[in-house]
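First up is the structure itself, then whatever we jot down about it.
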Amino acid sequence: MEDELWLTAREAADHCGVSLVTVYSWVRRGHLKVEGLDHRGQKLFRHLSVARAEMGTRAKAKRVLVPIA
């Protein structure tokens, strides 16, 4: 699907407000699947998959994001 949004691990981490280690932890635990590689060989993830992994892990941890005023 050409109109899908793809993220590198760094972009996924920045988007979710987590560390790069956390993104790779999601992959290792099976919460997030590597869907492809970019022209430099970096792993790519679908935006929707990243969102699902984040929501799933945050729900299990019962943490919420609180906006800073």
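Throughout, read-outs are computed from the coordinates displayed, never taken from laboratory work. Small disclaimer: the values here were computed from a predicted structure and weren't measured. All Cβ positions, glycine included, derive from the backbone under ideal geometry; neighbour counts span all protein chains shown.
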Note to self: What distance in nm lies between label points placed 7 Å from Cα along the C-beta direction at Leu44 and Ala59?
What the structure shows: 2.8 nm
Next item on the list: Sticking with the crude label model, points 7 Å out along Cα→Cβ, report the distance from Arg52 to Arg10 in nm, one decimal please.
Entry: 2.7 nm
Next item on the list: Please list, in chain and number order, the residues 5+ apart from Leu44 or on another chain whose amide H is under 5 Å from its amide H, with Hs placed from the backbone.
Entry: Glu35, Gly36, Leu37, Asp38
Checklist line | Histogram of C-alpha separations across segment 11-55, 5 Å bin width, % | finding: 5, 24, 37, 25, 8, 1
Margin query: Per residue of segment 45-52, what does 6.51 cos²θ - 1.76 cosθ + 1.60 with θ = phi - 60° give for ³J(HN,Hα)? Whole Hz please, x for Gly and Pro, Karplus curve as stated.
Written below: 10, 6, 4, 5, 5, 5, 4, 5
